[in-house]
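Inspection log for the structure reproduced underneath, given as structure tokens.
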Amino acid sequence: AQAGLGSGYSLAPLCTVCCCGVLNRTLAVAFMVSLAFAIVVGNVVTLTVFVQTRQSRTPQGYLKVSLAIADMMVGVLVVPFSIYTEISLMVTTTPPVWYQGTSTSPANSSSRGGLVSPWQPCMLIGPVFAGCTFVSISTIFLMTLERSVAILWPLQKDALVTRRRTLFLILFSWASSFLLALAPLIFSRNFTLEYNECSRMCNYTPLMLGGHLPPDANILLLFPAFDFTLLGGTLAVNIVSFTSIRRYSQKRKLLSEGSLSDGGGGGGGCPHRPSFSDIKAAKTIGILTFAFTASFTPIAVFVLGNVVGYTWCNFSFFAFWILTGNSCCNVIIYSVRDHRFRKGVTLLFQRDQSPPHGEKN
């Protein structure tokens, strides 16, 4: 890589303890297989419950299905490809064409400004991982908006949040997310996608020009900027919703202590108060937001350091796989927080068990 800096080669970081060794790779493969199994099985169960439960065919249910599909794509495409690459590196002596430092050539880099030719699998896997990440945060943002409408304007909820509008917003979030995921390839010729030996995933890599990063390397900052903008909006909407929930809770407490007559619009049985299920759903989405923020923050720190010029090999492995592990967290949160989801899972597995002979259904 050092010899090819002037010709457009990407700079491959030095192999560290986290990235080398047969035992280390074997443990990594075992971890990846377990994670892929948990992601796929958990999200298949989630999708099955929401599809077969009539009560889940609501705008919130559609958003949860969109989130589950994005998570499952990570478990079906992204993680298995890392497993395949790691096994290939253990059983063969020649790294695959998409491995770090082997996906560019001086001719292709100098003549086309850094675009990769021929096509290789990371050109698909990398944008899929980035796009699914953006879909997840945009879906959580839409779920937060939907719950805030149910809490702040419960009487207008059915008129404001319709199935058609929800489906349109879901399609828009998918299209815009994957367009953003392809932005470094669309707006610049100084980037390539290759399997990074540190993160063990397909990542965007700026091509070194004369030993320095290209002038448009900061285009990668679009990724954390987009996510933190939506996370900030989600946090702001959650604060407004929880403030309203707290106000209603205090008023209900005062009413239960003896102030049973309330001439205002917030009496104990007033129809415009949010329901208990709406309040609990808002709290569940708040937990989803916190979990995604905690899993995405290391990636944002890594991207910022990468643009500045730091490699952080060991840190990049943990950052990318913490974010990947978030894809199996949603089903756990639903199982703990949503009694309807738990009931749906119970009914799903009970259907597979045939009743005893002679017993009526």
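Quick notes
- Cβ-defined net charge surrounding Val240, 12 Å radius [Lys, Arg +1; Asp, Glu -1]: +3
- Translational diffusion coefficient (Stokes-Einstein; Kirkwood radius from C-alpha pairs) of the range 132-188 at 20 °C, 1.002 mPa s, in µm²/s: 171 µm²/s
- Largest first, the residues Ser176, Ser316 sort by 1.4 Å accessible area into Ser176, Ser316.
- With DNA, RNA and ligands ignored, accessible area of Met90 (1.4 Å probe; Å², nearest 10): 70 Å²
- Surface/4 estimate of mean projected area, convex hull on alpha-carbon atoms of the range 306-354, nm²: 5.4 nm²
- For the range 37-97, with all protein chains in place and a probe radius of 1.4 Å, 70% of the accessible heavy-atom surface sits on carbon or sulfur.
The values are calculated or read from the model by the stated rules, or taken from the named source; none is laboratory data. What you are looking at is a predicted structure, and each value in this text was computed from that prediction instead of being measured. All Cβ positions, glycine included, derive from the backbone under ideal geometry; neighbour counts span all protein chains shown. Heads up: the accessible areas ignore ligands, DNA and RNA and are worked out on the full protein's heavy atoms, side chains in. Shrake-Rupley method; radii C 1.70, N 1.55, O 1.52, S 1.80 Å.
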